[in-house]
Amino acid sequence: MTFNTDQNSQLLAEKEQRVFQSYGELGIDDRLALLYLIYEKMGESITPAAPAAAEPNLAPVLLGDFYHLDKDKQLAVMREIVNREETEYSRAYGGLRENNQLAVWYAWAKGMGDTVVGMPDNYQPTDAIQNLLKALEDLEFQEQISVLRLIASNMGYSEVEPIPTQAETGKTSSF
């Protein structure tokens with residue numbers, strides 16, 4: 001799977017770009033592990049960072065039906081979303097805005113080990129995950145949120161294509 005470095009990533013500073021690119025180099029399960037660890041450390045500050053912008057009621061499949069799945073299916077759904085597969089749950093996720101996508105991961109992280117499949121008891125993060133977590137922690141708060149929004153928006157299935165940038169088309173926007 002190719003990690004989408006679309007026009008939104010061009011808005012990030014160089015150090016944020018490096019974190020984003022490093023995340024894209026991780027395998028699917030490592031991406032999930034990193035998300036869990038991020039929310040474990042920063043979770044309380046991530047969702048409030050998008051004040052009234054997160055609307056969890058827009059994601060009933062992800063924040064309702066998902067909790068009734070068995071743990072193996074929950075993990076499969078998370079993998080489908082991270083892998084951008086064309087499935088019901090991945091489409092539901094891909095149809096959300098970034099703040100709502102962050103809210104989904106936040107809710108899932110809060111439920112891990114209880115209503116959501118948890119990390120294996122013997123799980124030890126790889127050096128790549130630990131280094132990436134440290135790099136993210138070293139960013140300013142707003143930079144962290146920018147990277148997380150971009151990571152969140154690069155998951156899930158959507159048929160909506162990004163609008164080409166002026167640099168890509170060589171044309172200016174017209175009204």
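For A107, indicate whether it is part of a helix (DSSP H, G or I), surrounded by 14 or more Cβ atoms within 10 Å (Cβ to Cβ), free of Cβ contacts under 8 Å to residues at least 60 places away in the same chain and under 15 Å from the mean Cα position of the chain (by Cα). It is true that A107 is part of a helix (DSSP H, G or I), surrounded by 14 or more Cβ atoms within 10 Å (Cβ to Cβ), free of Cβ contacts under 8 Å to residues at least 60 places away in the same chain and under 15 Å from the mean Cα position of the chain (by Cα). Inside the range 46-71, residues that are of a type outside the set (D, E, K, R) and either modelled with pLDDT of 65 or more or touching a His at 6+ places or on another chain (Cβ under 6 Å) (or both) make up a count of 12. Every listed requirement among (1) touching a Phe, Trp or Tyr at 6+ places or on another chain (Cβ under 9 Å); (2) over 25 Å from K73 (Cβ atoms); (3) not hydrophobic (A, V, I, L, M, F, W, C) is met by T115 save one, (2).
Right, L148: in a helix (DSSP H, G or I), open to solvent by less than 20 Å² (accessible area, probe 1.4 Å), under 19 Å from Y39 (Cβ atoms) and in contact with a Ser or Thr (Cβ under 8 Å, 6 or more places away or on another chain) or not? In short, no.
When V160, V116 are screened for being within 29 Å of L69 (Cβ to Cβ) and modelled with pLDDT under 90, only V160 passes. Within the range 82-102, if we keep just the residues that are assigned to a loop (DSSP other than H, G, I, E, B), open to solvent by 60 Å² or more (accessible area, probe 1.4 Å) and not basic (K, R), the residue that is farthest from D29 (Cα to Cα) turns out to be G95. Restricting the range 110-141 to residues that are more than 18 Å from Y23 (Cβ to Cβ) and among the small types (G, A, S), the residue that is least open to solvent (accessible area, probe 1.4 Å) is G111.
The values are calculated or read from the model by the stated rules, or taken from the named source; none is laboratory data. Keep in mind it's a predicted model, so treat the numbers as computed, not measured. Methodologically, a virtual Cβ is constructed for each residue, glycine included, from the backbone with ideal geometry; neighbour enumeration extends over all protein chains shown. Just so you know, the surface numbers come from the protein's heavy atoms only, side chains and all, with ligands and any DNA or RNA stripped out. Shrake-Rupley method; radii C 1.70, N 1.55, O 1.52, S 1.80 Å.
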